[in-house]
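These notes are about the structure you will find just below.
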Amino acid sequence: MSSRRENQIAQQQHSQSLMYIGSLPTSKEFSGYEQALPGAAHRILSMAEDEAEHRRKNEEKIVQHSIKKSGLGQIFAFIIAIVSMGLVFFSILKGEPLAAIVPAIVALSSLAAVFVGKKQG
């Protein structure tokens, strides 16, 4: 009976997995890298810092591009709206209110596009 129990214990298997998310290893792994290759910890830290700086610069470029693109669209929509409103007033002053309908629609849709674009961006 004792022999059977020993066989059961010998057949058990234990597994463990460790996961982490991030660009840097754990402190235990850091010390292991440093022991295996002196200076490795410093190189790993430098690499992580360079990668973070690169990521920040790219994100800043994306934000700046988005702001410029959004700003230009709003400026053009505002110009179109102002010109269209000018045409509306001109048509009304000339005594042709029906001719003011199309520029009025263009002006309103331009202003709507500015506000809708502002909410989505």
- Message: Quick check on ARG43: is it exposed (fewer than 11 other Cβ atoms within 10 Å of the Cβ) and either out of contact with any strand residue (DSSP E or B) (no Cβ under 6 Å at 6 or more places or on another chain) or in contact (Cβ under 8 Å) with a residue 60 or more places away in the chain (or both)?
- Response: no
- Identify, by number, the condition in (1) in contact with a Leu (Cβ under 8 Å, 6 or more places away or on another chain); (2) of a type in the set (A, V, I, L, M); (3) more than 30 Å from SER23 (Cα to Cα) that VAL83 doesn't meet. (1)
- So ALA10 fits all but one of (1) assigned to a loop (DSSP other than H, G, I, E, B); (2) at pLDDT below 80; (3) among the small types (Gly, Ala, Ser); what number is the exception? (1)
- For the stretch 15-25, indicate whether the set of residues that are in a helix (DSSP H, G or I) and at pLDDT below 90 is non-empty. no
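The values are calculated or read from the model by the stated rules, or taken from the named source; none is laboratory data. Since this is a predicted model, take the numbers as computed values, not measurements. Here the Cβ is made from the backbone with ideal geometry for all residues, glycine too, and neighbour counts use every protein chain on show.
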